[in-house]
1. The conditions are (1) acidic (Asp, Glu); (2) under 17 Å from the mean Cα position of the chain (by Cα); (3) at pLDDT 75 or above, and Asp46 fails exactly one of them. Which is it?
2. Under the condition of being within 11 Å of Val35 (Cβ to Cβ) and either surrounded by 10 or more Cβ atoms within 10 Å (Cβ to Cβ) or at pLDDT below 70 (or both), which residue from region 3-13 is nearest to the chain's Cα centre (by Cα)?
3. Is it true that Gly32 is part of a loop (DSSP other than H, G, I, E, B), modelled with pLDDT of 80 or more, at positive phi and surrounded by fewer than 10 Cβ atoms within 10 Å (Cβ to Cβ)?
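The values are calculated or read from the model by the stated rules, or taken from the named source; none is laboratory data. Model, not experiment: these values are computed from the prediction. Methodologically, a virtual Cβ is constructed for each residue, glycine included, from the backbone with ideal geometry; neighbour enumeration extends over all protein chains shown.
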Amino acid sequence: ASQSFQNEAPDIRMNVTDIVDKWITSNITNNGFIVKRPHSDEISGDILGSIKYFGRESHTIFVPKLEVVFDDSSGQPA
């Protein structure tokens with residue numbers, strides 16, 4: 001699966017609920033996430049701006065994180 005972003009702030013936020021749910025229910029193998037430019041950008045000689053990627057081994061304050069939020073609302077009025 002993939003997601004596209006345009007004019008994003010420096011931090012990218014994406015909803016990964018569906019894929020994590022499939023990991024939990026064992027419908028797909030958890031191979032983690034990869035964040036990269038589209039292939040056409042990767043092979044292009046054009047200057048497309050700067051994107052900084054940090055991994056947990058980067059030894060910086062910019063460690064990637066997954067925020068987990070629990071929503072127990074049913075959507076039904078009380």
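1. The one condition Asp46 does not meet is (2).
2. If we filter region 3-13 for residues that are within 11 Å of Val35 (Cβ to Cβ), which is where we start, we get 3, 5, 12.
Next, from what is left, pick out any that are either surrounded by 10 or more Cβ atoms within 10 Å (Cβ to Cβ) or at pLDDT below 70 (or both): 5, 12.
Values: Phe5: 11, Ile12: 7 Å.
Among residues in region 3-13 that are within 11 Å of Val35 (Cβ to Cβ) and either surrounded by 10 or more Cβ atoms within 10 Å (Cβ to Cβ) or at pLDDT below 70 (or both), the one nearest to the chain's Cα centre (by Cα) is Ile12.
3. Yes; evaluated as a whole, the condition is true for this residue.
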